[in-house]
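Below is one structure, written out as structure tokens; the observations come after it.
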Amino acid sequence: MTVRLRPHHLLCMLTYVGKGYSPAFVENYEAIAARLSSGEEIELVAGPDDICAPLTADAKAHCHGPSVVERDHEAAVAVARLLGSPLPLGARITPTPALLSRLRKTFATGEIRTACSGCEWSGLCDHVADGGYVGVRVEM
């Protein structure tokens, strides 16, 4: 199986510590974090993904909004630049300890965080990154 992620969730997964929009959202994300931690392959998708699943029934959920689409674009560009190769929709990425380390290092410096501008979770992510990623759920 693959974990279907929209591009900005490549950044969100780096600092996920068990907090979210609702208990159902957190329960779902915990299962996805376990799959990613086991090295399950990621497929980049457009729009709502496996993480968004508990929110998609609400047509007003932010996962359907244009600001999130822009966030996806910014994240894809930043991560592709870091990796030195394009990240088109449908691309598959295998999470490895080396990849997570590289992403977290550049996330902490702000190098790949252009997509995070205006995100309501940015303060929490700052705290997690500044604290050395203690308590993150996606780890190898």
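Within the chain, the longest run free of GluC sites (Glu not before Pro) that sit in a DSSP loop with at most 16 other Cβ atoms within 10 Å is 42-110. GNM remark for the chain: springs join alpha carbons under 10 Å apart, and the peak mean-square fluctuation among Asp49, Asp126, Asp72 falls on Asp126. Extension gain, Val77-Ala57: 0.36 nm per intervening residue step, less the Cα-Cα distance, totals 4.3 nm.
Mind grabbing the base-10 log of I(q)/I(0) for the chain at q = 0.12, 0.15, 0.22 Å⁻¹? Debye formula, identical points on the C-alpha positions, no solvent, two decimal places. The Cα Debye sum returns log10 ratios of -0.42, -0.68, -1.77.
Between the amide H of Val3 and those of Glu41, Ile42, Glu43, distances stay under 5 Å, these residues lying 5 or more places away or on another chain, with hydrogens modeled in the peptide plane. Seen from Ile51, the other residues with C-beta closer than 14 Å to its C-beta sum to a net charge of -1, counting Lys and Arg as +1 and Asp and Glu as -1. Entry note, the chain: relative contact order of 36 percent, from Cα contacts under 8 Å with a spacing of 6+ residues. One decimal place: the segment Glu43-Met140 gains 33.1 nm when fully extended, by the rule 0.36 nm per residue minus the C-alpha distance.
Remark: the Glu30-His127 segment gains 33.0 nm on full extension, using 0.36 nm per residue and subtracting the alpha carbon distance. Per-residue Karplus couplings for region 8-17, computed as 6.51 cos²θ - 1.76 cosθ + 1.60 with θ equal to phi - 60°, are listed in order as 5, 6, 4, 7, 4, 5, 5, 10, 5, 10 Hz, Gly and Pro entered as x.
Quick note: the coordinates plus some simple rules give every number you see, no bench work behind them. Only a predicted model underlies this, so the values are computations on that prediction, with no experimental measurement involved. Cβ coordinates were reconstructed from backbone atoms using ideal geometry, including for glycine residues, and neighbour counts include every protein chain displayed.
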